Amino acid sequence: MTTFELAAPVSGWATPLEQVPDAAFAQKMVGDGIAIDPTSSELRAPCDGVVVSLHEAHHACIVRCRDGAEVLLHIGIDTVNLRGEGFSPLTRPGQPVKTGDPLIVFDMDVLARKARGLFTLMVVVNGDAYAISKRVQDRAVTVGEPLLGLVGIAGPAKEETDGETAERTAILAASHGLHARPAAMLADRARQHAGVVRIALRERSANAKSVVSLMTLGARSGDTLTIAARGRQAGRVALDLANLVAEGLGDGIASVAQERATVAEAGRAREVATLFPANREVLLRGTGAVPGLVQGYALSPIRREQSIPKEGAGAAKERQLLADAIVGVRRDLESVLERVPLAGPGAAILKVHLSLLADPDIIDAAHDAIDRGRSAAWAWQVAIERYASVLSALSDPLLAERAVDLRDVENRVVAFLTRTHASRLPAELPAHAILVVDELRPSDLVENAAGRIIAVCTARGGPNSHGAIMAASMGIPAVVALGEALSRVPNGAPLIVDGDQGAVRVFPGEGTRRATVDEMFRRVTRRETNRAARHQESRTKDGVRIGVLANLGRPGDVADAMGNGAEGCGLLRTEFLFLHRQNAPSEDEQLAEYQEIAKTLGGRPFTIRTLDVGGDKALAYLPIEAEENPALGLRGIRFALRQPKLLRTQIRAILRIDSAATIRILIPMVSCLAEVRAVRAVVEAMIEVPIAAVTTDLLAREVDFVSIGTNDLTQYGAAADRGNPHVSPFSDGLHPGILRLVAQAVTGARTRQRPVSVCGGMASDPRAAALFIGLGVREVSVLPIVIPDLKAFIASLNVPECAEVATKTLELSSGDEVRALLNRTWPVI
Ligand code: PEP
Ligand code: MG
C-alpha cells in the first residue's frame, strides 16, 4: 500500500474543508482535502510530480504526484471570475515539478478586494484511488511543511488482468480532441474487451472504458496516444483501438474556414456592466454559434428546489435505488432518441449521455460513496461532480464544456431519485421564447423546444458545446459567450438575437425592430427563392455553365444531395466501405453500394474515388508498419498500389456499375505519372500534392479529367497538418501561395483540354468558389447543404469579373488580404 505526504502549498491557517464558503468544496464534491487561509502569496508544489493542467484564468492547477494522486490547488473562492487578474503563472501544463517549486504568484490585495474569499484549497481529485490518512488543521502552517498524509486504496480487480499484453500508439485525428463523443465511442469499443485497457498521454493515463477518465486526459487533435491492452487477444484490441483513434472517432475534421472562425471568435465575449432599464436598447456581444435572426422574449429557467438527503438507508437499498434510477433515465433517453433523426448530432449527443450513464468509473465512485453511508442521489452527485470539476478546470475549452453534459446526466438521475422534474423549463412555454441561460444543456432543447424556443442566448460556453450543436441541428439561432451581464436580463424582456453577427439587443427600440423585420423578411425570401431554383442548371450571370456537384461520404448522403439540387456526385469518399470492419468488402458488396448510389443519381455524373487510406488511417485487416510521419507516408494511391488486389477489386466493382451516367474514377494523392500509368484502367487524377499541382500539364496527358483536393493541397503546400488546431492559422487555403498552386493546376489541365473541378472543402465557400471560377474552374463538388445558395450566388457572377479578382489575389501577400478583397467584391452572398 502506497503512503506519502502532501506539503503545504502556502503558509497560513489550516482550516477544515467543511468551513469553506463554497458548497462544492465544503461538501467535498470535488474531493477531500484541506483549506488554508493564506499569509504567503506564492502557490508552491505540494509534492514531486507534474503539472497536468493550469486553468486559463490562472487561479487553479492540478498536479499529478509521482505516486499517482491528482491534487487540485485552487486559490481563493470564485476567483475564476477574475479571469486571470491578480494571478501570474510560473508553470505550464506538462512541466515536471519538485515539492516547493513555485507554481502561481497571486496578488492578495486584488483577491481581498475582488474575490469572495482568500482560502487556498488543496483537494485530492482522484479520491477513488487515494484516501487521506492524516491531516494537520486548525493551526498555523508554514509552506512546505507536511500537511496531508495519503494512502493508496487498491480497487477490486474486476477485469481480466493476465495473459497477453500489447501496446500501440496512434495520433488522435478527432478534430476537437478527445471530447465526449469520441471518448464515448472509444470507451464503448474498449468495454467490449474483457481485459484491462489503458490509454496514456504524456504523464497521464486513463481507463479506456471510462468516458470521464478519457476526457480528463485533455487530449487534443494531433496528440500521440499510447493504447495498452492486457488479456486475451490484447494485440487485436490495441490495434483496433489505435485505428479508431487514428480514424478520428467519428469526429470530422473541421474545415479551415470553420477552424479560423472559431479561433477568431473564441474569447470575443465582452462583459457589459450596464443594467437593463426597460425601454433603453442595450447591445450585448458574444459569439454567433448558429446563424439566424429572430425577435422574441427572454425566458429564464426555473430554479427547482431539490432536497437531497445526505445519509442513505443502507448500502444495498441505495445501490438498488441508484440502479433503478439509471434504468429509468436510460429509458427516458431512449424514448427521446426514437424521436430525433438518427443520423443527426442530436442522436449522437444523446448516445454520449447514455454512455455516461453506464460509465464504470462514475458508477464505481457512486457505489463507493453509498458504501460510506451516503444516499443514492448524494452519491451520484458527488461522483459526477468529481469528474465535472476536473473537466471544468482543464485548459481546453472544449473539454471543459463537456462538464455540462456530465451535469445534465447528473441532474436527470437526481431528479428521478428525488421525484422532481428533470427539466428546468416550465411545462407550458410562452410563444416566441428566447432561452436565456448561463450554459445550455442539451436536454433543454431535446425535450422542451417543441418548436416554441426560437433562439438561445448563453452567458458561457462556446460554439462547439453540445447545446450549441443541438441548437444548430434544430436550426435554432444561438449566440453564446455573452458574459455575466446576460444573467441580469429580466425575464420576459423583448430581445433581438442575431446569430450571424453574434449580437443580442435587449429592449430594442422601434427603429431597430423595424429594420430587423425588414432584414428577416429579406433573408427568408432569399433562402426560399434559392431553394425554389435549386434544381436549375447552374450558370453564371453571363451564361457560363458551372457544374455544382456534391461530395458524398456515405450512401445515405445521396438523397439529401439530390434534394438540394446536386447535379451529380463530384467525389464519393469510398472509405466508408473499408473502415470499421474485419476484412475488405468483396467486389459484389462494393458493387451493390455503388449501384444503389448510381440509381439515385439517375444518370448524373458519378465520381468515385479509390480508397484513400494508409498512413495514420490503417485498416485493421491490412496492418502496415508504424510511420514516423504518417501524413507524408503511404497514403492514397501510394498505399493502394501496394495492395494491387484491393485496388483491382475496387476498380472491377466500379466498372461493373450499370448506369447511364458518366462514371469517373478518381485517384487520390497522385504525385507522378508513374502512378497514373500503374493504374492504367483509371482515367482521372486528384491534385492534392504540390508537385502534382505544378506538373498537372504532364499528368493531364494521361487522364481524362482532374479534380483539385484543396484540403490536402493546403496541408502539404503550407506544411501545416490539417488536423492540428495549433497550426490551423497557417493552414489557409486562401493564401496566395496555395491559390498559385491551384492556378497552375488549372492552367496545366486546360492546356491539355482536360476539364478541371475542385472538390476540397473550400469550394463550399461561395466567395472561394467564385475565385476558382475566375481561375478557370468549371465544376465544383461541395457539401450538399450549401448547393441552393451556392447556385444562386453563381447565377449572380460574371466570369470576367471573377477572373479579374482572381488575378489580383495571386499578387496579394496573405490569406487575410485575399479574404478582405473577396469580402469587398462580394459583400453580400
Ligand atoms: C481534399 O484533400 O481536398 C479532399 C477532397 O480529399 P479528403 O478531404 O478526403 O482528403
Ligand atoms: Mg485529400
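The values are calculated or read from the model by the stated rules, or taken from the named source; none is laboratory data. If you're wondering where the values come from, they're calculated on a predicted model, not measured in any experiment. Neighbour counts run over all protein chains shown; Cβ positions are idealised from the backbone, glycine included. The protein model used for the area step is the full one, side chains on, heavy atoms only, and it has no ligands, DNA or RNA in it. Shrake-Rupley method; radii C 1.70, N 1.55, O 1.52, S 1.80 Å.
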Does residue 742 count as open to solvent by less than 10 Å² (accessible area, probe 1.4 Å) and within 16 Å of ligand 2 (Cβ to nearest atom)?
yes
Looking at 667, 657, 691, can you tell me which residue is within 16 Å of ligand 2 (Cβ to nearest atom) and surrounded by fewer than 21 Cβ atoms within 10 Å (Cβ to Cβ)?
691
Residue list for segment 749-772, filter: assigned to a helix (DSSP H, G or I), open to solvent by 10 Å² or more (accessible area, probe 1.4 Å) and either free of Cβ contacts under 8 Å to residues at least 60 places away in the same chain or not small (Gly, Ala, Ser) (or both):
750, 751, 762, 766, 767
Taking strands (runs of 3 or more DSSP E) that fall entirely within segment 42-136, which contain at least 2 residues that are crowded, with 22+ Cβ neighbours inside 10 Å?
42-44, 49-54, 60-65, 70-77, 102-106, 117-124
Can you tell me which residue in segment 794-829 is nearest to the chain's Cα centre (by Cα), limited to those that are open to solvent by 80 Å² or more (accessible area, probe 1.4 Å) and farther than 18 Å from residue 775 by Cβ?
816
From 676, 706, residue being open to solvent by less than 10 Å² (accessible area, probe 1.4 Å), part of a strand (DSSP E or B) and touching a Leu at 6+ places or on another chain (Cβ under 9 Å)
706
From the options 719, 700, residue that is in contact with a helix residue (DSSP H, G or I) (Cβ under 9 Å, 6 or more places away or on another chain), aliphatic (A, V, I, L, M) and within 16 Å of ligand 2 (Cβ to nearest atom):
719
Residues of segment 218-236 being open to solvent by less than 10 Å² (accessible area, probe 1.4 Å) and either of a type outside the set (Gly, Ala, Ser) or at pLDDT 85 or above (or both), in sequence order, are 225, 227, 229
With the requirement that a residue be part of a loop (DSSP other than H, G, I, E, B), away from ligand 2 (no atom under 16 Å from the Cβ) and in contact with a strand residue (DSSP E or B) (Cβ under 7 Å, 6 or more places away or on another chain), what does segment 582-619 give you?
605
What is the number of the single condition among (1) within 16 Å of ligand 1 (Cβ to nearest atom); (2) over 20 Å from residue 648 (Cβ atoms); (3) under 27 Å from the mean Cα position of the chain (by Cα); (4) in contact (Cβ under 8 Å) with a residue 60 or more places away in the chain that residue 560 does not meet?
(1)
Name the helices (runs of 4 or more DSSP H) wholly within segment 505-581 that hold at least 1 residues that are modelled with pLDDT under 85 and more than 30 Å from residue 592 (Cα to Cα)?
510-532
Single match in 658, 612, 704, 697 (criterion: of a type in the set (Asp, Glu), in contact (Cβ under 8 Å) with a residue 12 or more places away in the chain, over 22 Å from residue 752 (Cα atoms) and more than 16 Å from ligand 1 (Cβ to nearest atom))
658
Scanning segment 661-673 residue by residue, those within 16 Å of ligand 1 (Cβ to nearest atom) and not in a loop (DSSP other than H, G, I, E, B) turn out to be 664, 665, 666, 667
